[in-house]
Amino acid sequence: MKELVEYIVKALVDTPDEVNVAQTEGESVTILEIRVAQDDIGKVIGREGRIANAIRTITKAAAAKNKRRVTVEILTQGEEARKPKTEGG
Amino acid sequence: MKSVKMKGKNVDEAVDSALKVLGLTTEQVDVKVINEGKSGMLGMFGGEEAEVEVMEKLSREDLVKTFLADILDKMGYVAMVKVLGNEGDRILLEVKGEDIARIIGKDGATLDALQTLVGTMASRTVKERVRVSIDAEGYRQRRKSAIERLAQETINDVERLGIEKMLPPMSPADRRTVHMLLQNHPKLGSFSVGERANRRVVITLAEKVPKDAKKK
């Protein structure tokens with residue numbers, strides 16, 4: 001899955017060397033965190049999220065083959081993934 | 001794809017000898033400079049040779065075919081991609097294989113996503129707009145016929161009852177099919193309402209189509 005997303009994103013951005021994809025496997029969910037250079041984030045999201053949605057659709061289809069769900073997050077280099085809110089934090 | 005690495009006194013000479021080896025012209029290749037080279041003292045001592053990698057440019061057809069085939073392969077699907085030809089400025093691709101139903105997806109969603117990505121990837125690579133149309137086992141044509149049938153039933157209702165009717169939310173391609181069908185209708189017209197995933201076509205009397213309505 002990581003390889004698939006990396007392949008697509010590297011062809012979309014100006015700085016492929018700064019593309020980084022992290023894959024985390026949960027019980028039934030695969031989490032993919034795509035990190036790209038600051039200037040490239042718009043290129044991966046696209047107008048009205050068109051490209052990001054296409055990437056989600058493709059990963060969903062690929063994951064469905066193994067009956068898994070998938071979430072895709074697009075971030076810039078160094079940006080922390082959104083953590084679920086914890087009480088008193 | 002043909003490619004060769006070559007050294008020379010400077011970048012230009014390295015490129016020239018690479019072109020000779022490949023039998024191609026400057027317009028047919030991409031050049032990547034590995035080492036710019038340094039001229040040494042009196043052009044003799046301590047110099048460093050320039051090194052370049054010269055790659056044959058893929059045709060747009062081969063480029064989009066490679067992108068699509070690689071994506072399907074990485075998705076874990078067994079499929080074959082064929083270039084069918086061109087329609088205006090669009091490159092037509094066809095997918096065949098075992099997992100066709102999944103490659104098409106619900107209402108063609110996966111096929112549409114593949115089309116968006118392959119088109120954008122190719123456009124960014126050649127730095128010019130590249131349009132692709134991806135079909136799988138004749139899905140697009142079947143879909144077009146099904147949408148036309150649905151639209152025709154609605155047209156009949158609107159004609160008979162003189163009321164306005166709204167179709168379910170549809171993709172841009174499906175909405176285009178409906179608008180095309182109504183384009184030359186003597187009495188009825190169409191326009192779209194709603195945003196993004198909820199955008200749908202309204203079929204009504206031609207005089208009731210808002211003047212500023214966008215067809216898309």
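Every read-out reported here was derived from the displayed coordinates using simple, explicitly stated rules and does not represent laboratory data. If you're wondering where the values come from, they're calculated on a predicted model, not measured in any experiment. So basically every Cβ, Gly included, is an ideal-geometry build from the backbone, and we count neighbours across all protein chains shown.
Between residue B:30 and residue A:79, what is the spin-label point distance in nm, taking each point 7 Å from the Cα along the Cα→C-beta axis?
2.7 nm
In peptide A:54-67, what is the residue-averaged number of other protein chain Cβ atoms found within 10 Å of each Cβ?
So the per-residue partner count for this stretch is 5.
Enumerate the amide H contacts of residue B:47 below 5 Å, restricted to partners 5 or more residues apart or on another chain; note that Pro and chain-start residues carry no placed amide H.
B:40, B:41
Report relative contact order for chain A in percent, whole number only (criteria: Cα-Cα under 8 Å, sequence separation at least 6).
Relative CO of chain A lands at 30 percent.
Given the alpha-carbon gyration tensor of chain A, what are the semi-axes of its equivalent ellipsoid in whole angstrom, ordered largest first, with each equal to the square root of 5 times an eigenvalue?
21, 18, 12
How big is region B:127-216 by the Kirkwood estimate over distinct Cα pairs, in Å?
Hydrodynamic radius (Kirkwood, Cα pairs) of region B:127-216 is 13.9 Å.
Only bridges with both residues in region B:69-182 count here: give the DSSP antiparallel percent, nearest 5.
Bridges in region B:69-182 that DSSP calls antiparallel: roughly 55 percent.
What is the ratio of the Cα radius of gyration of region B:89-134 to 2.2 N^0.38 Å, where N is its residue count, to two decimals?
1.22
Under the √(5λ) rule applied to the eigenvalues of the Cα gyration tensor, what semi-axes describe the equivalent ellipsoid of region B:60-137? Give them in Å, descending.
19, 12, 12
Students often forget the sequence filter, so: which lysines lie under 30 Å Cα-Cα from residue B:187 once same-chain residues fewer than 8 apart are removed?
List returned: B:144, B:165, B:208, B:211, B:214, B:215, B:216.
What list of ³J(HN,Hα) values in whole Hz, one per residue of region A:53-60 in order, does the Karplus curve 6.51 cos²θ - 1.76 cosθ + 1.60 (θ = phi - 60°) give from phi, with Gly and Pro shown as x?
5, 5, 4, 4, 4, 5, 5, 4
At each listed q (0.15, 0.18, 0.20 Å⁻¹), what is the log10 of I(q)/I(0) that the Debye formula gives for region B:3-56 modelled as equal alpha-carbon point scatterers?
Debye intensities relative to I(0), on a log10 scale: -0.38, -0.52, -0.61.
Output the pairs from B:38/B:65; A:10/B:7; A:60/B:2 with a Cα-Cα distance over 31 Å in this structure; if there are none, say none.
B:38/B:65; A:60/B:2
State, to one decimal in nm, how far the label point of residue B:127 lies from the label point of residue B:66, with both points 7 Å from Cα in the Cβ direction.
The modelled label-to-label distance comes out at 1.8 nm.
Could you give me the percent of Cα pairs per 10 Å distance bin for the protein assembly as shown, shortest bin first, beginning at zero and ending with the bin that holds the maximum distance?
Pair shares across the bins are 5, 20, 24, 22, 15, 8, 3, 1, 0, 0.
Pick from A:18, A:33, A:79 the residue whose mean-square fluctuation is largest in a GNM of chain A, springs joining Cα atoms under 10 Å.
A:79
In Å, the Kirkwood hydrodynamic radius of chain B over pairs of distinct alpha carbons?
21.3 Å
Taking 25 Å as R0, compute the FRET efficiency from the Cβ-Cβ separation of residue B:9 and residue A:15 and round it to 0.05.
Computed FRET efficiency for residue B:9 and residue A:15: 0.20.
In what order do B:118, B:52, B:81, A:13 fall by count of nearby beta-carbon atoms within 10 Å, going from fewest to most?
Ascending number of Cβ neighbours within 10 Å: A:13, B:81, B:52, B:118.
Length gain on complete extension for the stretch residue B:58 to residue B:148, per 0.36 nm per residue less the alpha carbon to alpha carbon distance?
Difference between extended and current length: 28.6 nm.
Can you sort B:123, B:59 from fewest to most other Cβ atoms within 10 Å of each residue's own Cβ?
Fewest-to-most ranking of B:123, B:59: B:59, B:123.
Could you compute the net charge surrounding residue B:80? Neighbours are other residues with a C-beta less than 11 Å from the C-beta of residue B:80; K and R count +1, D and E count -1.
0
For residue B:188, enumerate residues with amide H under 5 Å from its amide H, sequence gap 5+ or separate chain, H modeled in the peptide plane.
Counting only residues 5 or more places away or on other chains, the set is B:206.
Quick check on the exposure proxy: order B:30, A:17, B:70 from fewest to most C-beta atoms within 10 angstrom.
So the residues, fewest neighbours to most, are A:17, B:30, B:70.
Taking amide H atoms as placed 1.01 Å from N in the peptide plane, list the residues 5 or more away in sequence, or in a different chain, whose amide H sits under 5 Å from that of residue B:10.
B:50
Can you pull the one-decimal nm distance between simple spin-label points at residue B:197 and residue B:107, each 7 Å off the Cα toward Cβ?
Here the modelled spin labels are 0.9 nm apart.
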